[in-house]
Structures are given as C-alpha cells and as structure tokens.
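The values are calculated or read from the model by the stated rules, or taken from the named source; none is laboratory data. Owing to the predicted nature of the structure, the values given are computational and were not obtained by experimental measurement. So basically every Cβ, Gly included, is an ideal-geometry build from the backbone, and we count neighbours across all protein chains shown. Quick note on the areas: whole protein, heavy atoms, side chains included, nothing else; ligands and nucleic acids left out. Shrake-Rupley method; radii C 1.70, N 1.55, O 1.52, S 1.80 Å.
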Amino acid sequence: MIRWTDAHNHFADPRLAGLPDLWRSTRAAGVSRMIVNATCEADWPAIDHLAAENPAVIPAFGIHPWKAADVSNGWQERLAALLAKYPRATVGEIGVDGWVAEPGFEIQIPLFETQLRLARELRRPCMIHCLKVWQPLFDSFDRQSPPEKFLMHSFAGSLEIARRLIPLGAYFSFSGYFLHPWKAKILEIFRQLPKDRILLETDAPDMLPPSEFITHPLPENHNHPANLPAIGEALAHHLGISPEELAILTGENLTNFLATDH
C-alpha cells in the first residue's frame, strides 16, 4: 500500500469529533503521518492528547487569524510550554486573512508576528494561512523574519508570489479543493514549483475536493482525512509522475521540512 503524508489537517476539529472509526479508516486508507493543526486555544488540549497517543501525529499549536480576538491572558506562555513538550511540534495554524472583515488587521497582525517570533526563536517551522493579503504578509516578514522553514498551506498565490517566498524558506501544500475545474491555474502553478518544496494536504474537515475524488463521504460536506490518497493520485497525474513517486516525494519533503539542527 502507498503511504501518504497529510501536511495539514484539523483532525481534532469538533466537526470530526465523535465520528466512528475516523482514525482507523484514515490509517486504513494509507495515511501514515499527518500534521494536525489548531485554530485556537480550545483546540490545544485535544491535539495534545492526539499527539501523546499517536506517533503518526505531528502537532501544530497556534492561533488562526480568524480567532485572533479570542486569545486569553498568558496564551504565549501556554503555547511555548506545549512546543517545549513536543520537540517535533510546529507553530500553526497562524497567518493573515483579508477575506474576513473581523477581526481586523490591527488584531490579526500583532498576533501573527508574535507567533512568527516564537517560531523563529524556538527554531520551529510554522503553518501559514494567507488569503487575499500577500503584501501584508511580506510586510510582517520584514518586521518579524519567519523561521527557517514555513508551509504556505493550501497555497493559491501566483507563481510570482511563490518565487518571492521560496528564498525565505517556503514550502507549498496542495489541497483537494484545487481539483475543481475553476482552480486549474493553481495546478499549473504547482507544476512549476520546485519539486522539493511541494507537500500534500486535506485541510480536513475543510477544502472538500470534487465528488469524484471523495472516497470517504461525510455529512454536511465535511472533508474526511482519508480522501488524501485520491487527492494525491490526481495531483500525481497532473504532475506527470506516479502516485508512488508523489507519495515518496511528499513524505521526504515533510521530513526535510520538519528537520532542525537541534
């Protein structure tokens, strides 16, 4: 069986909680490793538990820009403590978002830059969400340099943006939503990215792929992490390589992404 790596999902999301055999069906589909991301402090205990129980889980602790207004006093210390507990943990999901009106940039950006600084100081990769705000992202990088490596998850930017990000240490993950016909330009961009910077993700329970790539349907159009192999096979076809080659490539890329000197 081909072994796949999910570089970004939300396995601990309440929308997936309680689903029967979620872990078993995901592993049975061939997903052997995953980075499980938080969006807010409330997610941290569940991800902590998942990572403690499952060596296949690489935890990502952080605060999403949509949740930037919901932080409580002492969050930085609690985040640092969780990162210290898990030497493999990444900082995520963090970023900036111009699609939502609230919270505004005056709340989002200081929180993002604080988490960038923490990731850099602890030499941890981070998982970055960026939607419709590329210049503010680069402005933040000018004020707070990113860590050596960071993942632009569900990357939908232009090739020009990618070329600006690559020297800074960016990796780029492809999600199944980009298999919709109206996202064909993103496939073309991924064909032109350096192969050693490509990763694969589900973003489950979000970013649902087209129906023909849904092997594990869920109610309410939620995305199952076990849909990853079908997404990977489709991306491999578009890249002109075999699914086995893509699975090996993205697995090695994730290992390199997570590697540190300490």
Counting only residues that are open to solvent by less than 80 Å² (accessible area, probe 1.4 Å), free of Cβ contacts under 8 Å to residues at least 12 places away in the same chain and assigned to a helix (DSSP H, G or I), the stretch 91-118 contains a total of 1
Checked the stretch 14-54 for anything within 15 Å of L218 (Cα to Cα) and within 18 Å of the chain's Cα centre (by Cα); matches are P14, R15, L16, T26
Subset of the stretch 57-83, residues touching a helix residue (DSSP H, G or I) at 6+ places or on another chain (Cβ under 8 Å) and either part of a strand (DSSP E or B) or without any contact (Cβ under 8 Å) to a residue 24 or more places away in the chain (or both), comes to V57, I58, P59, A60, F61
Checked pairs for the stretch 184-201, first under 23 Å from E244 (Cβ atoms) and touching a residue at least 60 places away in the same chain (Cβ under 8 Å), second open to solvent by 10 Å² or more (accessible area, probe 1.4 Å) and among the small types (G, A, S), C-beta under 8 Å and 6 or more apart or across chains, list as E201/S154
If you go through R88, R124, the only one that is open to solvent by 10 Å² or more (accessible area, probe 1.4 Å), touching a helix residue (DSSP H, G or I) at 6+ places or on another chain (Cβ under 9 Å), in contact (Cβ under 8 Å) with a residue 40 or more places away in the chain and closer than 21 Å to D13 by Cα is R88
Report task. Within the stretch 61-79, identify whether any single residue is open to solvent by 20 Å² or more (accessible area, probe 1.4 Å), out of contact with any Pro (no Cβ under 9 Å at 6 or more places or on another chain) and closer than 25 Å to T255 by Cβ, and answer yes or no. Result -> no
The one condition W99 fails out of (1) of a type outside the set (S, T, Y); (2) closer than 21 Å to S145 by Cα; (3) at pLDDT below 95 is (2)
